[in-house]
Amino acid sequence: MQEIALKGFGEVVKTVTFRVKRYSPENADMPRYMEYKVPVQRGMTILDGILYIKEHLDHSLSARYSCRMGICGSCGMIINGKEKLACQTQILELGKDLIKVDPMGNYEIVKDLVPDLSKLFRNHQKVKPYVLREEESPTSEYLQTPEQREEYAMFTDCILCGMCLSACPTNAADELYLGPQALAQGFRYISDNRDLGFEERLNVLDSKHGVWRCHFSGACSEVCPKGVDPALGIQLLRQLLTENIFVKHKQKGTTRGPERKSASGVS
Ligand code: SF4
Ligand code: FES
């Protein structure tokens with residue numbers, strides 16, 4: 001640790017205990033917590049603490065990370081009971097001497113703090129997260145005004161960390177539920193004025209495990225590290241689907257979703 005201190009963080013301010021959930025598939029019926037004493041320097045994050053444990057105390061501890069700057073979305077875990085990015089959570093700011101670290105919920109665990117995010121990515125794929133058009137290749141530029149982009153702009157900030165799905169009580173009860181991330185992305189694309197895939201996504205979004213399954217606990221939006229509001233996306237998606245029932249009668253033959261003036265003002 002002194003070596004790390006000299007290289008970057010400065011003097012040790014205090015020592016905290018990390019209580020980390022350990023799990024291995026070989027002993028799947030025996031998950032347990034292990035405690036590690038971690039000397040803390042100013043600026044150290046939970047991820048730094050975990051890497052300290054790995055390097056100095058227990059090489060067998062597994063965690064996933066990559067960018068270490070809140071961009072890749074790899075290091076989501078439950079820190080003192082709340083989903084957080086480990087690389088964006090300062091140890092000293094937690095103000096605790098005991099820090100409990102669990103893997104994200106609602107996922108199978110590969111090992112220790114590493115969740116299997118396949119479900120998240122599968123659900124994301126199901127909503128076809130790209131602009132759908134009828135023509136095979138573009139014939140011209142698909143123009144969009146800043147106001148049209150604003151309709152869905154917030155939802156483009158999703159980094160696929162999966163923390164909203166971890167916090168979601170509906171997913172805990174229905175593991176086939178599409179989940180807040182995928183539903184918010186469904187809204188993002190069908191509210192894009194360049195997209196023509198409204199009907200094509202309906203069988204997934206408007207299904208038993210789709211948008212109507214959410215009961216608005218709002219936990220997803222509380223934990224999102226990028227300020228995305230998936231609960232709002234789900235409400236706006238419901239509004240679009242409901243409007244479409246009426247619009248279908250007026251716009252026979254179109255595959256587009258209904259035109260909307262603004263996404264704001266919807267509670
Ligand atoms: S909506 Fe937020 S919490 Fe959910 S996957 Fe995207 S960035 Fe993570
Ligand atoms: S390591 Fe990339 S977001 Fe934390």
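Some values worked out for this structure:
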| quantity | calculated |
| --- | --- |
| Test: SER118 is modelled with pLDDT under 95 and either exposed (fewer than 14 other Cβ atoms within 10 Å of the Cβ) or of a type in the set (Lys, Arg) (or both) | no |
| Scan of region 102-113 for residues that are open to solvent by less than 60 Å² (accessible area, probe 1.4 Å) and either within 14 Å of ligand 2 (Cβ to nearest atom) or in a loop (DSSP other than H, G, I, E, B) (or both), ordered by number | PRO103, MET104, GLY105, ASN106, TYR107, ASP112, LEU113 |
| Where a residue in region 111-138 is free of Cβ contacts under 8 Å to residues at least 40 places away in the same chain and its partner, wherever it lies, is open to solvent by less than 20 Å² (accessible area, probe 1.4 Å) and among the hydrophobic types (A, V, I, L, M, F, W, C), with Cβ under 9 Å and at least six apart | ARG122/ALA182; GLN125/ALA182 |
| Complete set of residues in region 109-146 that are farther than 19 Å from ILE159 by Cβ and touching a Ser or Thr at 6+ places or on another chain (Cβ under 8 Å) | VAL110, LYS111, ASP112, GLU134 |
| Enumeration of residues in region 89-101 that are surrounded by 15 or more Cβ atoms within 10 Å (Cβ to Cβ), under 21 Å from GLY227 (Cβ atoms) and touching a strand residue (DSSP E or B) at 6+ places or on another chain (Cβ under 7 Å) | THR89 |
| Condition met for GLU93 (away from ligand 1 (no atom under 16 Å from the Cβ), assigned by TED's automatic domain parsing to the domain that holds ASP29 and not in a loop (DSSP other than H, G, I, E, B)) | yes |
| Those residues of region 66-88 which are assigned to a loop (DSSP other than H, G, I, E, B) and either more than 16 Å from ligand 1 (Cβ to nearest atom) or touching a strand residue (DSSP E or B) at 6+ places or on another chain (Cβ under 9 Å) (or both), in sequence order | ARG68, GLY70, GLY73, SER74, CYS75, ASN80, GLY81 |
| Those helices (runs of 4 or more DSSP H) lying entirely in region 142-236 with at least 3 residues closer than 16 Å to ASN106 by Cβ | 163-167, 169-173, 180-190, 219-223 |
| Sole exception among (1) open to solvent by less than 40 Å² (accessible area, probe 1.4 Å); (2) out of contact with any Lys or Arg (no Cβ under 8 Å at 6 or more places or on another chain); (3) away from ligand 2 (no atom under 16 Å from the Cβ); (4) within 26 Å of GLY81 (Cα to Cα) for ASN193, by number | (4) |
| Residue check for GLN125: away from ligand 1 (no atom under 13 Å from the Cβ), open to solvent by less than 60 Å² (accessible area, probe 1.4 Å) and in the same structural domain as MET163 (by TED's automatic domain parsing) | no |
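Yes or no, residue by residue, for (1) of a type outside the set (Val, Ile, Thr); (2) assigned by TED's automatic domain parsing to the domain that holds ILE46; (3) modelled with pLDDT of 95 or more; (4) within 30 Å of SER62 (Cα to Cα):
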| residue | (1), (2), (3), (4) |
| --- | --- |
| GLU135 | yes, no, no, no |
| THR139 | no, no, no, no |
| TYR142 | yes, no, no, no |
| GLU150 | yes, no, yes, no |
| MET154 | yes, no, yes, no |
| TYR189 | yes, no, yes, no |
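Residue-wise test of (1) without any contact (Cβ under 8 Å) to a residue 40 or more places away in the chain; (2) within 18 Å of PRO115 (Cβ to Cβ); (3) not assigned by TED's automatic domain parsing to the domain that holds ALA167.
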| residue | (1), (2), (3) |
| --- | --- |
| GLU35 | yes, no, yes |
| ILE46 | no, yes, yes |
| TYR52 | no, no, yes |
| ARG64 | no, yes, yes |
| ARG68 | yes, no, yes |
| GLY76 | no, yes, yes |
| ILE79 | yes, yes, yes |
| GLU83 | no, yes, yes |
| THR89 | no, yes, yes |
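Results for (1) over 23 Å from LYS96 (Cα atoms); (2) modelled with pLDDT under 95; (3) open to solvent by 50 Å² or more (accessible area, probe 1.4 Å); (4) not in a strand (DSSP E or B), shown as yes or no for each residue.
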residue	(1), (2), (3), (4)
ARG19	no, no, yes, no
MET30	yes, yes, yes, yes
TYR33	no, no, yes, no
PRO39	no, no, no, no
ARG64	yes, no, yes, yes
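The values are calculated or read from the model by the stated rules, or taken from the named source; none is laboratory data. Given the structure is predicted, the values throughout are model-derived calculations rather than measurements. Cβ: placed from backbone, ideal geometry, glycine included. Neighbour counts: every protein chain shown. For accessibility, only protein heavy atoms count, side chains too; no ligands or nucleic acids. Shrake-Rupley method; radii C 1.70, N 1.55, O 1.52, S 1.80 Å.
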